[in-house]
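Working notes for the structure below.
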Amino acid sequence: MTPAVDAEHLSALWQRQWPQGPPVAHELRGSYPDRWVRFHSLPGSKRYPGTEEEYGVVLHRYNAVLEELFAGGEVYVVTVGWSWEPDGPELAERRPEVHPDGTRWMTLADEDVPDPELRSYTHLYVDRRPWRPGCADAILREVADDVLAGVFVTDTGMRRIHHPYDGGADVVLASAGERDRLRERFGGWVSPDASGL
(Lines give C-alpha, C1' and ligand atoms only; values in the text may rest on other atoms or scores of the structure.)
Protein backbone atom coordinates (compact mmCIF):
# COMPACT_ATOMS: atom_id res chain seq x y z
CA MET A 1 0.00 0.00 0.00
CA THR A 2 1.36 3.42 -0.92
CA PRO A 3 1.50 6.19 1.69
CA ALA A 4 -1.33 8.74 1.62
CA VAL A 5 -0.55 11.98 -0.16
CA ASP A 6 -1.52 15.34 1.34
CA ALA A 7 -2.46 17.53 -1.64
CA GLU A 8 -2.31 20.79 0.32
CA HIS A 9 1.16 19.94 1.64
CA LEU A 10 2.35 19.11 -1.89
CA SER A 11 0.98 22.35 -3.30
CA ALA A 12 2.63 24.41 -0.57
CA LEU A 13 5.91 22.54 -1.07
CA TRP A 14 5.75 23.11 -4.83
CA GLN A 15 5.14 26.83 -4.36
CA ARG A 16 8.09 27.08 -1.96
CA GLN A 17 10.53 25.17 -4.20
CA TRP A 18 9.31 26.20 -7.68
CA PRO A 19 7.60 29.59 -7.24
CA GLN A 20 7.75 30.64 -10.90
CA GLY A 21 4.74 28.58 -11.94
CA PRO A 22 2.43 25.61 -11.46
CA PRO A 23 3.64 22.00 -11.69
CA VAL A 24 3.69 21.87 -15.48
CA ALA A 25 6.82 19.86 -16.22
CA HIS A 26 7.58 21.11 -19.73
CA GLU A 27 7.64 24.74 -18.51
CA LEU A 28 10.42 24.19 -15.95
CA ARG A 29 13.21 24.33 -18.55
CA GLY A 30 12.26 27.90 -19.43
CA SER A 31 11.68 28.98 -15.84
CA TYR A 32 14.94 27.57 -14.43
CA PRO A 33 17.43 27.46 -17.34
CA ASP A 34 20.48 27.81 -15.06
CA ARG A 35 19.57 24.57 -13.25
CA TRP A 36 18.32 22.57 -16.25
CA VAL A 37 19.94 19.81 -18.29
CA ARG A 38 18.51 17.53 -21.01
CA PHE A 39 19.49 13.92 -21.61
CA HIS A 40 18.64 12.09 -24.82
CA SER A 41 17.20 8.63 -24.42
CA LEU A 42 18.71 7.02 -27.53
CA PRO A 43 22.04 7.35 -29.37
CA GLY A 44 22.06 9.87 -32.18
CA SER A 45 19.17 11.75 -30.57
CA LYS A 46 16.72 9.24 -32.04
CA ARG A 47 13.31 10.09 -30.64
CA TYR A 48 11.35 6.83 -30.56
CA PRO A 49 12.49 3.27 -29.82
CA GLY A 50 11.75 0.84 -32.61
CA THR A 51 12.93 -2.45 -31.09
CA GLU A 52 12.93 -4.11 -27.69
CA GLU A 53 16.67 -3.50 -27.57
CA GLU A 54 16.07 0.23 -27.99
CA TYR A 55 13.37 0.16 -25.28
CA GLY A 56 16.03 -1.38 -23.06
CA VAL A 57 18.39 1.53 -23.80
CA VAL A 58 15.65 4.09 -23.12
CA LEU A 59 14.67 2.53 -19.79
CA HIS A 60 18.32 2.10 -18.80
CA ARG A 61 19.03 5.80 -19.42
CA TYR A 62 15.90 6.99 -17.60
CA ASN A 63 16.67 4.73 -14.63
CA ALA A 64 20.38 5.57 -14.49
CA VAL A 65 19.65 9.29 -14.11
CA LEU A 66 16.78 8.65 -11.70
CA GLU A 67 19.03 6.41 -9.58
CA GLU A 68 21.69 9.12 -9.49
CA LEU A 69 19.09 11.62 -8.29
CA PHE A 70 17.01 9.55 -5.89
CA ALA A 71 18.95 6.44 -4.74
CA GLY A 72 17.97 5.36 -1.24
CA GLY A 73 15.09 7.80 -0.93
CA GLU A 74 11.41 8.10 -1.60
CA VAL A 75 9.91 9.88 -4.58
CA TYR A 76 6.68 11.36 -5.77
CA VAL A 77 5.66 10.06 -9.20
CA VAL A 78 3.33 12.48 -10.98
CA THR A 79 1.27 11.63 -14.04
CA VAL A 80 -1.12 13.82 -15.97
CA GLY A 81 -4.56 13.37 -17.49
CA TRP A 82 -6.66 15.82 -19.46
CA SER A 83 -10.38 16.44 -19.86
CA TRP A 84 -12.80 18.96 -21.32
CA GLU A 85 -14.58 19.30 -17.95
CA PRO A 86 -13.14 20.02 -14.49
CA ASP A 87 -14.03 16.52 -13.25
CA GLY A 88 -13.41 14.33 -16.30
CA PRO A 89 -13.82 12.04 -18.15
CA GLU A 90 -10.11 11.72 -18.85
CA LEU A 91 -8.72 11.66 -22.36
CA ALA A 92 -5.53 9.78 -21.32
CA GLU A 93 -6.94 6.26 -21.10
CA ARG A 94 -3.63 4.53 -20.29
CA ARG A 95 -2.76 6.71 -17.30
CA PRO A 96 -4.97 4.89 -14.77
CA GLU A 97 -3.69 1.52 -16.02
CA VAL A 98 0.01 2.33 -15.51
CA HIS A 99 -0.43 4.59 -12.47
CA PRO A 100 -3.22 2.92 -10.48
CA ASP A 101 -1.98 4.28 -7.14
CA GLY A 102 -1.99 7.87 -8.37
CA THR A 103 -4.41 10.07 -6.43
CA ARG A 104 -5.55 13.43 -7.70
CA TRP A 105 -3.29 16.20 -6.50
CA MET A 106 -4.75 19.16 -8.37
CA THR A 107 -6.56 20.31 -11.50
CA LEU A 108 -5.34 23.21 -13.62
CA ALA A 109 -7.64 25.03 -16.05
CA ASP A 110 -6.23 26.30 -19.33
CA GLU A 111 -6.82 29.98 -18.57
CA ASP A 112 -5.33 31.02 -21.93
CA VAL A 113 -8.60 29.97 -23.56
CA PRO A 114 -11.16 32.73 -22.86
CA ASP A 115 -14.23 30.64 -23.76
CA PRO A 116 -14.99 28.22 -20.87
CA GLU A 117 -16.73 25.89 -23.35
CA LEU A 118 -13.40 25.35 -25.14
CA ARG A 119 -11.20 25.19 -22.05
CA SER A 120 -9.30 22.02 -21.21
CA TYR A 121 -8.31 20.82 -17.75
CA THR A 122 -5.06 19.22 -16.67
CA HIS A 123 -5.32 16.74 -13.78
CA LEU A 124 -2.17 15.84 -11.83
CA TYR A 125 -2.05 12.48 -10.06
CA VAL A 126 0.63 11.54 -7.57
CA ASP A 127 1.84 8.66 -5.48
CA ARG A 128 4.74 8.33 -3.07
CA ARG A 129 7.00 5.29 -3.28
CA PRO A 130 10.49 4.16 -2.35
CA TRP A 131 12.78 4.76 -5.30
CA ARG A 132 14.31 1.69 -6.89
CA PRO A 133 15.37 1.22 -10.52
CA GLY A 134 12.47 -0.13 -12.55
CA CYS A 135 9.72 1.00 -10.16
CA ALA A 136 8.27 3.39 -12.76
CA ASP A 137 9.08 1.45 -15.95
CA ALA A 138 5.44 0.96 -16.97
CA ILE A 139 4.95 4.74 -16.89
CA LEU A 140 8.31 5.47 -18.53
CA ARG A 141 7.57 3.10 -21.41
CA GLU A 142 4.29 4.94 -22.09
CA VAL A 143 6.22 8.23 -22.03
CA ALA A 144 8.77 6.85 -24.51
CA ASP A 145 5.90 6.02 -26.88
CA ASP A 146 4.33 9.50 -26.43
CA VAL A 147 1.23 7.95 -24.89
CA LEU A 148 1.72 9.83 -21.60
CA ALA A 149 3.08 13.36 -21.31
CA GLY A 150 3.70 15.77 -18.45
CA VAL A 151 5.08 13.05 -16.17
CA PHE A 152 7.69 13.91 -13.56
CA VAL A 153 9.47 12.30 -10.63
CA THR A 154 10.73 14.31 -7.67
CA ASP A 155 12.19 13.70 -4.25
CA THR A 156 9.88 14.22 -1.26
CA GLY A 157 11.41 17.66 -0.68
CA MET A 158 10.82 18.57 -4.34
CA ARG A 159 14.40 19.78 -4.79
CA ARG A 160 15.04 17.82 -8.00
CA ILE A 161 12.69 17.20 -10.91
CA HIS A 162 13.11 14.49 -13.56
CA HIS A 163 10.70 15.05 -16.46
CA PRO A 164 10.88 12.24 -19.00
CA TYR A 165 9.48 12.88 -22.45
CA ASP A 166 9.46 11.00 -25.75
CA GLY A 167 13.10 11.33 -26.73
CA GLY A 168 14.78 12.08 -23.43
CA ALA A 169 14.44 13.73 -20.05
CA ASP A 170 14.66 17.26 -18.75
CA VAL A 171 16.16 17.45 -15.27
CA VAL A 172 16.01 20.54 -13.07
CA LEU A 173 18.22 20.51 -10.00
CA ALA A 174 18.68 22.48 -6.80
CA SER A 175 21.70 24.42 -8.10
CA ALA A 176 23.76 25.09 -11.21
CA GLY A 177 26.69 23.23 -9.65
CA GLU A 178 24.59 20.12 -9.13
CA ARG A 179 23.34 20.42 -12.71
CA ASP A 180 26.93 20.65 -13.99
CA ARG A 181 27.99 17.54 -12.05
CA LEU A 182 25.05 15.54 -13.40
CA ARG A 183 25.71 16.74 -16.96
CA GLU A 184 29.34 15.65 -16.62
CA ARG A 185 28.36 12.25 -15.15
CA PHE A 186 26.11 11.46 -18.14
CA GLY A 187 27.90 13.60 -20.73
CA GLY A 188 27.50 11.06 -23.51
CA TRP A 189 23.73 11.51 -23.40
CA VAL A 190 23.58 15.30 -23.76
CA SER A 191 23.19 17.20 -27.00
CA PRO A 192 26.35 18.64 -28.55
CA ASP A 193 24.29 21.70 -29.48
CA ALA A 194 25.07 24.79 -27.38
CA SER A 195 21.35 25.19 -26.56
CA GLY A 196 21.36 21.83 -24.79
CA LEU A 197 18.33 20.68 -26.81
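The values are calculated or read from the model by the stated rules, or taken from the named source; none is laboratory data. Keep in mind that this is a model prediction, so the values were computed, not measured. Heads up, the Cβs are rebuilt from the backbone with ideal geometry, glycines too, and the neighbour counts pull from every protein chain shown. These area figures cover heavy atoms from the full protein model, side chains too; ligands, DNA and RNA do not enter into them. Shrake-Rupley method; radii C 1.70, N 1.55, O 1.52, S 1.80 Å.
At 222 nm, what value in deg cm²/dmol follows for the chain if DSSP H runs of at least 4 each add -39500 (n - 2.57) and the sum is divided by all its residues, to the nearest 500?
Numbers: 6 runs with 56 residues, N = 197.
So the helix-based figure for the chain works out to -8000 deg cm²/dmol.
Using +1 on the beta carbon of Lys and Arg, -1 on that of Asp and Glu, and nothing else charged, what's the dipole of the chain about the Cα centre, debye to 20?
Numbers: 21 positive and 33 negative charges, 177 e Å.
Here the size comes out at about 840 debye.
Measure nothing fancy, just the Cα-based angle from helix 52-70's long axis to the longest principal axis of the chain, in degrees from 0 to 90, nearest 10.
Rounded to the nearest ten degrees, it is 80.
Using only Cα atoms and rounding to the nearest 10 degrees, what angle (0 to 90) does helix 176-185 make with the longest principal axis of the chain?
50
Relative to a virtual label point 7 Å from the Cα of Asp145 in the Cα→beta-carbon direction, which members of the range 71-100 show backbone nitrogen distances below 14 Å?
Within reach of a label on Asp145: 93-99.
Below 15 angstrom from the Cβ of Arg183, what's the summed charge of the other residues (Lys, Arg +1; Asp, Glu -1)?
Values: positive: Arg29, Arg35, Arg38, Arg61, Arg160, Arg179, Arg181, Arg185; negative: Asp34, Glu68, Asp170, Glu178, Asp180, Glu184, Asp193.
For residues surrounding Arg183, the net value is +1.
For Thr103 and Asp180 in one chain, what is 0.36 nm times their gap in residues minus the Cα-Cα distance, to one decimal in nm?
Working: separation 77, 0.36 × 77 = 27.72 nm, distance 3.39 nm.
Fully extending the segment from Thr103 to Asp180 adds 24.3 nm.
Tell me, what ³J(HN,Hα) does each residue in the range 73-78 have, in order and in whole Hz, if you take phi through Karplus 6.51 cos²θ - 1.76 cosθ + 1.60 with θ = phi - 60° and put x for Gly and Pro?
Each residue of the range 73-78 in turn: x, 9, 9, 9, 10, 10 Hz.
Taking a spot 7 Å from the Cα of Arg94 along the direction of its beta carbon, which residues of the range 45-63 have an amide N less than 18 Å from it?
Only 47-63 pass the distance filter.
Go through Arg61, Arg183 and list them by solvent-accessible area, largest first, probe radius 1.4 Å. Walk me through the numbers before you get to the answer.
Details: Arg61 30, Arg183 90 Å².
The ranking, largest first, comes out as Arg183, Arg61.
Over all alpha-carbon pairs of the range 1-109, lay out the pair-distance distribution in 5 Å bins, whole %, shortest bin first.
Result, from short to long distances: 2, 9, 13, 17, 23, 19, 12, 5, 1 percent.
What distance in nm separates the two pseudo spin-label positions at Arg129 and Asp87, each 7 Å out from Cα along the beta-carbon direction?
So the two model labels end up 2.9 nm from each other.
Please report the projected area of the range 113-197's Cα convex hull averaged over all directions, in nm².
Working: hull surface 33.1 nm².
Computed as one quarter of the Cα hull surface, the answer is 8.3 nm².
Using Stokes-Einstein with the Kirkwood hydrodynamic radius over Cα pairs, what translational diffusion coefficient do you get for the chain at 10 °C and a viscosity of 1.306 mPa s, in µm²/s rounded to a whole number?
On the way: Rh = 17.2 Å.
In µm²/s, the coefficient is 92.
Defining a contact as two alpha carbons under 8 Å apart and six or more residues distant in sequence, what relative contact order in percent does the chain show?
Working: 339 pairs, mean separation 62.9, N = 197.
Worked out over the chain, it gives 32 percent.
Residues with amide H under 5 Å of Asp127's amide H, sequence separation 5 or more or different chain, H placed in the peptide plane at 1.01 Å from N; which?
Amide H neighbours of Asp127: Val77, Thr103.
Would you mind checking which residues have amide H under 5 Å from Tyr165's amide H? H placed 1.01 Å from N; only 5 or more apart, or other chain.
Amide H neighbours of Tyr165: Asp170.
Compactness ratio of the range 70-158: Cα Rg over 2.2 N^0.38 Å, N = residue count?
Working: Rg = 14.1 Å, N = 89, 2.2 N^0.38 = 12.1 Å.
This ratio for the range 70-158 stands at 1.16.
Grab the other residues whose beta carbon is less than 13 angstrom from that of Arg128, score K and R as +1, D and E as -1, and report the net.
Net local charge, Arg128 excluded: -4.
What are the ³J(HN,Hα) values, in whole Hz, obtained from phi via the Karplus relation 6.51 cos²θ - 1.76 cosθ + 1.60 with θ = phi - 60°, for each residue of the range 151-167 in sequence order, with x given for Gly and Pro?
5, 8, 10, 9, 5, 6, x, 6, 8, 10, 10, 10, 10, x, 9, 6, x
Keeping all protein chains in place and using 1.4 angstrom, which order do Trp84, Trp18 fall into by accessible surface area, from largest down? It would help to have the intermediate numbers written out before the result.
On the way: Trp84 150, Trp18 0 Å².
Output order, biggest surface exposure first: Trp84, Trp18.
Can you tell me the 0 to 90 degree angle between the C-alpha axis of helix 7-17 and the longest principal axis of the chain, rounded to 10?
50
Kindly write out, for the range 113-125 in residue order, the coupling ³J(HN,Hα) from the Karplus curve 6.51 cos²θ - 1.76 cosθ + 1.60 (θ = phi - 60°), rounded to whole Hz, with x marking Gly and Pro.
9, x, 8, x, 5, 9, 6, 9, 10, 9, 10, 9, 10
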